[in-house]
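Right, one structure below, let's go through it.
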Amino acid sequence: MVLLKSEQPEPLDEKAAWQLALSLLARQELSAAALQQKLQQKGAPLQIAATVLARCQQDNLQSDQRYAGMLLRHCLQKGQGLLLIRQVFHEKAVSKELLAAEIEEQQVDWFAQARSCYLRKFGDTMPTEQKEQLKRKAYLSRKGFTYEQIRFATEHQDY
């Protein structure tokens, strides 16, 4: 006889939800929306999840500003441009205001970021065929860079 796991998890009380939140935040930084969603998925009622989230924020265990900084650094390390980073922040339910504040704080130079991404992928060689040049520009476009940044990255020579 096979026992099937029930669809609905057992409801969590506040103490169990607090322990779960601590466990989740010990593993990785989470946005407020992600933490609340995970608590509710594990069985915490909305009111308890909101209470636990507020307590985590009060104790500075969860901070959307800290999460935004971590997420921006991660995206920059992956060589992503502003357009793609905006999309990632939207998907992670982090506000545009936090993104703007983190970009200003980290003083991101998008042209240098595009050039760095280009050099990492293609080196300092210039393409000989137009097809190769278009391929390189399409790559940078998929990485979230604007036309001006792509043009700078593909035409700028380091001497």
Structure-based [θ]222 nm, the chain - -39500 (n - 2.57) summed over DSSP H runs of at least 4, per residue, nearest 500: -21000 deg cm²/dmol
Rounded tilt (10° steps) of 130-142 against the dominant C-alpha axis of the chain: 30
Length-normalised contact order of the range 110-155 in % [C-alpha pairs under 8 Å, at least 6 apart]: 62
Nearest-ten-degree value, helix 14-27 long axis tilted from longest Cα axis of the chain: 20
Computed magnitude of the charge dipole of the range 64-106 (debye, nearest 20; Cβ of K, R +1, Cβ of D, E -1): 180
Amide H within-cut-off set for Gly81, under 5 Å, with H built and near neighbours excluded: Gly144, Phe145
Top of Glu102, Glu14, Glu29 by mean-square fluctuation, Gaussian network on the chain, Cα under 10 Å: Glu14
Set of lysines near Lys92 by C-alpha distance (under 30 Å), chain-local residues within fewer than 8 positions excluded: Lys5, Lys15, Lys38, Lys42, Lys78, Lys121, Lys135, Lys137, Lys143
Choice from Gly81, Gly144, Gly123 with maximal GNM fluctuation in the chain (Cα, 10 Å cutoff): Gly123
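Bear in mind these aren't lab numbers, they're just calculated from the coordinates by the rules spelled out. Keep in mind it's a predicted model, so treat the numbers as computed, not measured. Backbone-built Cβ (ideal geometry, glycine too); neighbour counts: all protein chains shown.
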